[in-house]
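Here's the structure we're looking at; comments come further down.
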Amino acid sequence: MSQATPALGQFDFAGDDHVVPFQVEGLDVRGRAVQLGPMLDAILERHRYPVPVARLVAEVVTLTVLLGTSLKFKGKLIIQTKSDGPVDLVVADFSAPDSVRAYARFDEDALKAALAEGRGAPEQLLGSGVLAFTIDQGAHMQRYQGIVPLDGATLEEIAGVYFRQSEQIPTKVRLGVAELLDRDEHGKARHRWRAGGIVAQFLPEAPERMRQPDLHGGDGDDHADHVEDDTWAEAKTMLETIDLDELTDPTVGSERLLYRLFHERGVRVYPPQRVEDRCSCSRDRLKSVLSSLSEEEIAHTIEDGRISVTCEFCSTAYHFEASEIRPA
């Protein structure tokens, strides 16, 4: 059923799986907010992850969507963890303008042991390692990659460190994930996932107002000498008042949340951008990859005269006859 276009003077709400850009002129803040529902369900249901792993993947997807929708070119943002925890790999990529996909790799025994010990928080499941932010601008363009340590901090905190290192922009990120148990229209019990997030950046006209204290281990000005801009301090305080339940509550919505936060300062929202669960894999692309393998590598992948490949992101299975890859 198509949605009716709001009449003049009416306000339409973006709803789930739409990123809402916003601006708070009184605070020199710009950002984006999102609530994810059906799209997130599709990604997580496909893999049937254990609940703690699904929650972690949902956080990474939300962060990727918030940052990926800022791309001004037809490229890709990839956020990937590599660590020594029970969940040693999580990767999500956003292909501009609207496609996202994700998957995780975990050790089942290590995961059970961690949960038995009460170590089920996302940062505990990751352990120590790195989080890489890669921007791929396409063919003939150099990739940009920023790497920050996974050191027990939350993804919210790590994202803030990334922006300080890579762009020197004061940035605040909030992320929330919720597991919902309710009933469908037929009264049948169902399980759903929701996630929400907001990213806000301080972008005043005078760049010197963006000055921040050095990161730990730096050799510049001491933290004690740093005085944070009052306006940015006010914006951060407002963002820190968000109850994580508000980020995922389907009755709140991104626009209502933004109004709750910033109505005294005047918040302006812009047309929402839809995001979709869409994988970039294809038979032709996989065939090209297989054709680039050595004879020995191909020989190891052939079973009963066929080569079978399953996409780790979307779980689509592709089958090739050996003659398709190496014609006789």
For this session: Take residue 242 and decide whether it is among the β-branched types (Val, Ile, Thr) and part of a strand (DSSP E or B).
Result: no
For this session: Check off (1) in contact with a strand residue (DSSP E or B) (Cβ under 7 Å, 6 or more places away or on another chain); (2) buried (at least 17 other Cβ atoms within 10 Å of the Cβ) for residue 317 and give me the number that stays unchecked.
Result: (2)
For this session: For region 182-214, name all the residues that are in a loop (DSSP other than H, G, I, E, B), surrounded by fewer than 10 Cβ atoms within 10 Å (Cβ to Cβ) and hydrophobic (A, V, I, L, M, F, W, C).
Result: 206
Exercise. In region 260-280, is there at least one residue being touching a helix residue (DSSP H, G or I) at 6+ places or on another chain (Cβ under 9 Å) and loosely packed, with under 12 Cβ neighbours inside 10 Å?
Worked result: yes
For this session: Could you tell me whether residue 61 is within 17 Å of the chain's Cα centre (by Cα), buried (at least 23 other Cβ atoms within 10 Å of the Cβ) and assigned by TED's automatic domain parsing to the domain that holds residue 126?
Result: yes
Problem set entry | residue 302 surrounded by 16 or more Cβ atoms within 10 Å (Cβ to Cβ) and β-branched (Val, Ile, Thr) | no
Exercise. If residue 39 satisfies every condition in (1) assigned to a helix (DSSP H, G or I); (2) surrounded by fewer than 19 Cβ atoms within 10 Å (Cβ to Cβ) but one, which is the exception?
Worked result: (2)
Seminar exercise, completed: Taking region 293-328 and keeping only residues that are of a type in the set (S, T, N, Q) and without any contact (Cβ under 8 Å) to a residue 24 or more places away in the chain, one is left with 294, 301, 308, 310, 323
Exercise. Taking strands (runs of 3 or more DSSP E) that do not extend beyond region 68-176, which have at least 2 residues that are assigned by TED's automatic domain parsing to the domain that holds residue 198 and crowded, with 21+ Cβ neighbours inside 10 Å?
Worked result: 76-83, 87-95, 99-106, 129-136
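Yes/no matrix, rows are residues, columns are (1) at pLDDT 90 or above; (2) more than 20 Å from residue 59 (Cα to Cα):
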{"position": "177", "(1), (2)": "yes, no"}
{"position": "202", "(1), (2)": "yes, yes"}
{"position": "224", "(1), (2)": "no, yes"}
{"position": "235", "(1), (2)": "yes, yes"}
{"position": "260", "(1), (2)": "yes, yes"}
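The values are calculated or read from the model by the stated rules, or taken from the named source; none is laboratory data. What you see is a predicted model, and the numbers here were worked out from it, not measured in a lab. No Cβ is skipped: glycine too gets one built from the backbone with ideal geometry, and neighbour counts run over all protein chains shown.
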